[in-house]
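The values are calculated or read from the model by the stated rules, or taken from the named source; none is laboratory data. Predicted, not measured: the structure shown is a model, and the values here were computed from it. In this analysis, Cβ positions are derived from the backbone assuming ideal geometry, glycine residues included, and neighbour counts consider all displayed protein chains. Keep in mind that these areas ignore ligands, DNA and RNA; they rest on the heavy atoms of the full protein, side chains included. Shrake-Rupley method; radii C 1.70, N 1.55, O 1.52, S 1.80 Å.
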Amino acid sequence: MNKEARNFVWEGAIPLQIHLHESQVTTVPPPPPALILAPRLGYLPLLASQIKPHFSSTLPPVVDTIWFEYKGLPLKWYIPTGVLFDLLCAEPERPWNLTVHFRGYPGNVLTPCEGEDSIKWSLINSLKEAAYIINGNSKNVMNMSQADQVELWRSVVSGNLEVYARVSSKLKLGIVSDEYTANSNLSSARSGQFVDETDISGQDKAGRVPVRLYVWSVSEDIDDSEDAPPIDTWDKISYINQPVEIQEGKYFTLHDAVKSLLPEYFQGSFLIDEESTRVQGEDEQRDSSEEASSNKIAEDGVEILCEHTKSCQKSDNAEIKLVRIQGALQTPLCHTALKTIKYHVKASKIPKNLGCSGRAKPMTKRL
Amino acid sequence: MDVLSWDGTISSREFRVAVRAFAERWKESNPDFPPWTWVPSAKRHPGLTSNQIDGYLTLERLCLTESTEKDIPFQEDSYEVTQVEKEETASFEEEDPADNATLVERHSFGVHYYDFHLVHSASYRVPVLFFRAYTTDGQPLVLDEIEKDLPASSAEILLESKWTFITQEDHPHLNRPWYKLHPCGTSEWMKLLFQSDTSMANKGVAIELYIVSWLSVVGQVFGLRIPSKLLNYRD
């Protein structure tokens, strides 16, 4: 993944408007909401140090674990903020209105979060898992020095891509590269100061790429994704944590990856029409990064291999249409797997609706 | 498959074959023990039929007590005790208000129920043990309480490595917090385990033995023992 694209991903942020839950308000009038710009790659509880002072005058003397909800759904703290936003906000609202709680942690729904340490270890466990997928063992992560571990974590907290790139390069987590990525990386790798892991393993021709996919299925028949009922339970989200196999010499795209993970939706072929191919303006930086990737493909004269048709005819006659895509499915996986993608699929004959948000594991995402 | 070139992992398809073989063998050998049950999962694309049959193997409401008898349910010579526990489970399920006194008494003995789920990890390509524990009145146990149920050897490991050994994570099929034994070393020791088996050195890797071999190791964390006749399955 080239330096520019990487910067765009790291700089992506979502404006949040955070309201204190009424049960924890002890003053009249209630405090105004806090406005915070949250990094897409960050984790919500890490915002506590900014949020607490804002509500300090009204908070009860004893506060417990911080947690967030959106329209009644407690938010899983280990999912990066950008993924939560793409997954849960059918029609992106800005600022994103969240409710913060400092008491009454819903332990039956959320895994306990003992502060920053829990998030750090969740990230390291994800790193271990991704390392295992890529290298067949987790040794590089397990043997990481204490100093590197601390530095890596600080770089995630502070959003310092330069430090992250330096420390994570020692983990040798370069995912398999296709020729297009290797070619496009030549210039930037030479001039850039970042070590690009895709170059390290650029000679490898087959391998597994870590992917985590969150799928939102809507059973009602709706015309527009903004009509989708809010997600009130995690039971409505399917979580697919499954590596995809990249084959030798094949131009492997995000489309291919999603197709291998969700074959049901791709039994026919697939159309991405003009409108849906248009990258949704989640934020300007991300738009630009998508374009950067697309332009690069054009310059390299790469043929877009994904075949798209008007709709996907499922075997049970459900017709599934893409309503919206965020992220271009024809982008090489090695580029797009590192970003949050999102698309909605609409079914008209059989009421079936699906939204999907995917991401690579944290560390490949930040390569 | 040659055991020397095998890397200790199994695919999800092999996992399904292995857990079915294990569950059937378990039932045949130990009709008095609680059975393992395969639960098909609807987590992939609810409402749509999937070609891929995903799921997990479960053994639920297994009784462990806080006493020294914690390894008894799986000991071969302990049918009697197992029966008693089965009755306890049954009476709990049929509980009525008049039964309160008994329940309180039983609770004072610290009866804990354990649910075990065997899930295949696509990342590590090995089985992963997910579990939860709760009291007779359904209160979930936290890790500190669970540790008291475990044999001393497990408690020591937990102490040394809190984060890599047992972690609390979302159950991949149920989307709720469960405990799990971290699987990152599993393929390594499964490989060693199978290589040390002389019969497999000759005949190749027996996938149908994978689960019973695996459980004979991870079960030790809970003091669970696998009846030895299950391990001699192939002969």
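For region A:68-87, what are the residues that are within 19 Å of the chain's Cα centre (by Cα) and open to solvent by 10 Å² or more (accessible area, probe 1.4 Å)? Can you show your working first?
The initial filter retains those residues of region A:68-87 that are within 19 Å of the chain's Cα centre (by Cα), namely A:68-70, A:73-87.
A:Glu69, A:Tyr70, A:Pro74, A:Trp77, A:Tyr78, listed by residue number.
Could you tell me which residue of region B:141-179 is most open to solvent (accessible area, probe 1.4 Å), considering only residues that are in a strand (DSSP E or B) and modelled with pLDDT under 90? Write out each step before concluding.
Initially, region B:141-179 is screened for residues in a strand (DSSP E or B), giving B:166-170, B:177-179.
Now drop any that are not modelled with pLDDT under 90, which leaves B:166-168.
Details: B:Ile166: 5, B:Thr167: 10, B:Gln168: 61 Å².
Filtering region B:141-179 for residues that are in a strand (DSSP E or B) and modelled with pLDDT under 90, the one most open to solvent (accessible area, probe 1.4 Å) comes out as B:Gln168.
So, of the residues in region B:107-140 that are open to solvent by 70 Å² or more (accessible area, probe 1.4 Å) and part of a loop (DSSP other than H, G, I, E, B), which turns out to be modelled with the lowest pLDDT? Give the derivation first.
As a first pass, look at region B:107-140 and keep what is open to solvent by 70 Å² or more (accessible area, probe 1.4 Å): B:107-109, B:125, B:132, B:137, B:139-140.
Then drop every residue that is not part of a loop (DSSP other than H, G, I, E, B), which leaves B:109, B:125, B:137, B:139.
Working: B:Phe109: 56, B:Arg125: 94, B:Asp137: 89, B:Gln139: 89.
My answer is B:Phe109.
Of all residues in region A:114-125, which are within 10 Å of chain B (Cβ to nearest Cβ) and under 20 Å from the mean Cα position of the chain (by Cα)?
Residues of region A:114-125 within 10 Å of chain B (Cβ to nearest Cβ): A:117-118, A:120-122, A:124-125.
Of everything in region A:114-125, those that are within 10 Å of chain B (Cβ to nearest Cβ) and under 20 Å from the mean Cα position of the chain (by Cα) turn out to be A:Ser118, A:Lys120, A:Trp121, A:Ser122, A:Ile124, A:Asn125.
Which residue pairs have Cβ atoms under 7 Å apart, sit 6 or more places apart or on different chains, and have a first residue in region B:161-174 that is more than 10 Å from chain A (Cβ to nearest Cβ) and a second that is modelled with pLDDT under 80?
Listed by first residue and then by second, the contacts come to B:Phe165/B:Ile157; B:Phe165/B:Leu158; B:Ile166/B:Leu158.
Give region A:5-19 a look and list any residue that's under 21 Å from A:Leu84 (Cβ atoms) and open to solvent by less than 20 Å² (accessible area, probe 1.4 Å), or say none.
So the first thing to find is which residues in region A:5-19 are under 21 Å from A:Leu84 (Cβ atoms), and the list is A:8-19.
A:Val9, A:Gly12, A:Ile14, A:Leu16, A:Ile18, listed by residue number.
Could you please give the count of residues in region A:20-43 that are touching a Lys or Arg at 6+ places or on another chain (Cβ under 9 Å) and modelled with pLDDT of 90 or more? Working first, answer last.
The first filter runs over region A:20-43 and keeps only residues touching a Lys or Arg at 6+ places or on another chain (Cβ under 9 Å), leaving A:21, A:23-24, A:40-41.
Right, trim to modelled with pLDDT of 90 or more and you get A:21, A:40-41.
The total comes to 3.
In this structure, does B:Leu209 turn out to be out of contact with any helix residue (DSSP H, G or I) (no Cβ under 7 Å at 6 or more places or on another chain) and buried (at least 18 other Cβ atoms within 10 Å of the Cβ)?
Yes; evaluated as a whole, the condition is true for this residue.
Are there helices (runs of 4 or more DSSP H) fully within region A:81-158 with at least 3 residues that are more than 29 Å from B:Ser187 (Cα to Cα)? List them.
Values: elements: A:81-88, A:116-135, A:139-142, A:146-158.
Fully inside region A:81-158 and qualifying: A:81-88, A:146-158.
Restrict the check to region A:73-92 and report whether at least one residue is out of contact with any strand residue (DSSP E or B) (no Cβ under 9 Å at 6 or more places or on another chain) and at pLDDT 95 or above.
yes
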